[in-house]
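Structure first, commentary second.
Just so it is clear, none of the values below were taken in a lab; they were calculated from the coordinates. These numbers come from a predicted model, not from an experiment. Cβ coordinates were reconstructed from backbone atoms using ideal geometry, including for glycine residues, and neighbour counts include every protein chain displayed.
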Amino acid sequence: MKPKLVEMRDVSIAFGGIKAVDRVSVDLDEGEVVALLGHNGAGKSTLIKILSGAYRADSGEIRVRGETVDIASPRDAKRYGIETIYQTLALADNVDAAANVFLGRERTTRWGTLDDATMEAETRKVMARLNPHFRRFTEPVRALSGGQRQSVAIARAIYFDARVLIMDEPTAALGPAETRQVGDLVGELKRQGIGIFLISHDIHDVFDLADRVAVMKNGRLVGTARVGDVTKDEVLGMIILGKCPPGAEPGPGAEA
Amino acid sequence: MNDKLRQLEFDPRLAGMLGALAAIWIGFDFLSGGAFLTPRNLWNLSVQTASIAIMACGMVLVIVTRNIDLSVGAMLGFVGMIIGVLQARLLPELIGLEHPATWIIAVIAAIATGAAIGLFQGALIAYLGIPSFIVTLGGLLVWRGAAWWVTQGQTVAPLDGRFQRIGGGATGAVGETATWAIAVIACAAIAAAMHYARNRRRSFGFPVRPTWAHIAVMLAACAAVIGAAWVANAYAVPPGIARRLVEEAGGTWPAGGVFIAHGFAIPVLIAIAAGIATTWLATRTRFGRYVFAIGGNTEAAELAGVDTKRTLMLVFGTMGALCGIAACVSAARLNAATNAAGTLDELYVIAAAVIGGTSLAGGIGTIAGAMLGALVMQSLQSGMILLGVDAPLQNVVVGGVLVLAVWVDVVFRRGIK
């Protein structure tokens, strides 16, 4: 059997005695979209921050294509092709789009100085694909609209040949048209074989995009299910009550 | 209208600063009956600005990362004492008095000592997480006390003859021919750099300034350089010193005297070199990009894999190295090292950066702006001295201008949003 693209097994992390993530196991295949659902504070963002290198797990194991990996920093995660689009977008507001796309991975000239022209050209190329109307390449991203800022954050994640993409509340701050754009993009990336974790507290945002759902409550995994095997109401029951329906595979956090 | 200005890459903030400077200069010239806009006064103004301007370059980087350095004046005092003792007491015993290498050793020691202090303070701030305000407030007291300790409060003088040239004065200028040569080279460099940048943008098909604006900016920059050279060359060396120079060269002093021009002052050239180097660091290197990214969003920089702690420590190290250079300039100008050198400089340096458009909220600031800010403040002080304004009132005016400048900046920023 082919190894999973990403496998997180029995991952736990505690902050000051509170178990934010408690023995959670999730996995992801190539070209698969897994929606990670749960209330605010259920531990979703903390779990993905472990995968993206922002936090370090207290215990548990992370495997990428079957190999156990040690992710100690965001740089490590990126080396394994794991890219993240944070809910806050994590953009430096005072510099332009190209500087943000290449932040930490700048292109340099043969003298070791920044090659701004090449970076801007590459940014223009990737933005042309994501947001053809984007024109404001030389302004600080602070001056951009919410959708444009989102495009910059997405461009940063997909430019560097991501194999795993984590999107934290990707549509929370967007209007209907932009939400649709993000949906189209998820479909396209999926066809390219990229595995995607979609984090959301709103089931309606992600149910149509996802292949599977994984539900967390109070830091624990309630269960996972194929989207075709459960109804929206059943998934809502998992989120709110922690009850695992018959179509789902229960986790350690499922109520009896 | 906005699009048009954007296309011209017009910087309203820089234009405003230049306008304010012009208004101050013309105003003082009018009030002093033509005593302000003289080659002599402008030359002295440039020399007096040098030390603060050098430190302001580093302060921009510090403030851009949302930090502050209150210890720069005390560092300047301490480093000044170290190199004073080094060249007036230690080196004469080791390699002989007025040895040609003395000034080089002193300058290297100053930069190294300043950088070491800066890196140490930066490490406390970055790795131990102590707020920079506290670390450098402590540093202000520590290094000022240490400066006294070096000689138990004694002033060290005189300094090495070659070293003194770093501070300006009649012998601390490069002379007429070299001044014109520097001006011509600078103009050629400006034209070449602008041309290269424009062609590069064009080769990628990016929008560029219209040709007329490109040439206008280039001509304005070159005119400023040529004008500065002309002013510096119009300021004559006083007859007494000129006579000594002529006689030392083996000539005879003619009855009517000769006109020997000062030319660019060495401390001013050092300040401009420091400004260019720091600007290059801030805009053309990864380090500079990270400095601004940290100032804009520290968490984002960390998530992007930037080593924010190391960058922060290096920022303070750069600040310290620039304090070392400023210490050389100010000690050489006084021809003495005193433990009180640089007292209150931290406030002038911070004020220069802030008047020059550096935002205390972080993420925004330019080196050129800070250096212009230093020039604005020094112009106010020099002008008031020319008018015979009392020293306490001078402080009142400078303080008022600082607050006014920041208020204008706040209004302006709101305007563009």
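Data overview
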quantity	calculated
Cβ neighbours within 10 Å from other chains - mean over B:289-302	6
Inter-part distance where the stretch A:196-256 and the stretch B:133-192 are each reduced to a Cα centre, Å	68 Å
Protection proxy ranking of A:29-35, B:314-320, B:402-408 - average other beta-carbon atoms within 10 Å, highest first	B:314-320, A:29-35, B:402-408
Other protein chain Cβ atoms within 10 Å, averaged over every residue that makes up B:401-414	0
Inter-centroid distance (Cα atoms) of the stretch B:105-125 relative to the stretch A:25-67, Å	44 Å
P(r) of chain B over all Cα-Cα pairs, binned every 20 Å from zero, in whole percent	24, 57, 18, 1
10 Å Cβ neighbours from other chains, averaged over peptide A:104-113	3
The stretch A:97-161 - percent relative contact order, Cα under 8 Å, separation 6 or more	41 percent
Largest to smallest principal axis extent of the C-alpha atoms in the stretch B:23-62, angstrom	40, 19, 9
Test item: Cα-centred dipole of the stretch A:97-161, Lys/Arg +1 and Asp/Glu -1 on Cβ, debye	180 debye
Contour minus Cα-Cα distance for B:Asp307 and B:Val396 (0.36 nm per residue)	27.8 nm
Span-like helix ranges in chain B, DSSP H, alpha carbon extent 30 angstrom or more, Kyte mean at least 1.0	B:39-64, B:102-127, B:211-234, B:308-334, B:391-416
Chain A - mean residue ellipticity at 222 nm from DSSP helices (-39,500 (n - 2.57) per run, n ≥ 4, rounded to 500)	-9000 deg cm²/dmol
Chain A: angle of helix A:232-241 to the longest principal axis, Cα-based, in degrees nearest 10	80 degrees
Unit charges at the beta carbon, dipole of the stretch A:97-161: most positive-side option, A:Thr123, A:Trp111, A:Leu144	A:Leu144
Structure-based [θ]222 nm, chain B - -39500 (n - 2.57) summed over DSSP H runs of at least 4, per residue, nearest 500	-24500 deg cm²/dmol
Extension gain, B:Arg198 back to B:Val403 (0.36 nm per residue minus Cα-Cα distance, nm)	70.0 nm
Cα-based equivalent ellipsoid, the stretch B:159-255: semi-axes from gyration tensor eigenvalues, Å	41, 14, 10
Cα centroid separation, the stretch B:345-417 to the stretch B:58-88 (Å)	20 Å
Unpaired by the 4.7 Å Cβ criterion, cysteines found in the protein assembly as shown	A:Cys244, B:Cys57, B:Cys323, B:Cys328
Among A:69-78, B:257-266, the order from most to least packed when residues are scored by Cβ within 10 Å on average	B:257-266, A:69-78
Kirkwood hydrodynamic radius of the stretch A:97-161, from inverse mean 1/r over distinct Cα pairs, in Å	11.9 Å
Candidates B:Arg162, B:Arg333, B:Arg202: whichever shows maximal mean-square fluctuation once chain B is modelled as a Gaussian network with Cα springs under 10 Å	B:Arg202
Most mobile listed residue (B:Ile325, B:Ile125, B:Ile241) in chain B, GNM with C-alpha springs under 10 Å	B:Ile241
Label-point separation in nm, B:Ala191 to A:Asp161, each point 7 Å along Cα→Cβ	4.6 nm
Dipole of the protein assembly as shown, positive direction: furthest Cα of B:Ser71, B:Ala232, B:Ala35, with charges on the beta-carbon	B:Ala232
Highest-first arrangement of B:362-372, B:105-115, where packing means the average Cβ count within 10 Å	B:362-372, B:105-115
Ratio Rg/Rh [Cα only; Rh per Kirkwood] for the protein assembly as shown	1.08
Inter-probe distance in nm under a simple model that places probes 7 Å from Cα toward Cβ, at A:Arg142 and B:Phe206	2.1 nm
Segment A:Arg65-A:Met1, length gained on full extension (0.36 nm per residue, minus Cα span)	21.9 nm
Pairs from A:Lys4/A:Lys78; A:Lys2/A:Lys243; A:Lys19/B:Lys309; A:Lys19/A:Lys78; A:Lys49/A:Lys243 whose Cα-Cα separation, in the structure shown, is over 21 Å	A:Lys2/A:Lys243; A:Lys19/B:Lys309; A:Lys19/A:Lys78; A:Lys49/A:Lys243
Rg(Cα)/(2.2 N^0.38 Å) for chain A, N = residue count	1.03
Selected from B:Tyr348, B:Tyr290, B:Tyr127 as most flexible by GNM, with chain B as the system and alpha-carbon contacts under 10 Å	B:Tyr127
Folded to 0 to 90 degrees: helix A:176-191 orientation relative to chain A principal axis, Cα	80 degrees
Nearest 10 degrees, 0 to 90: helix A:116-130 Cα axis against chain A principal axis	50 degrees
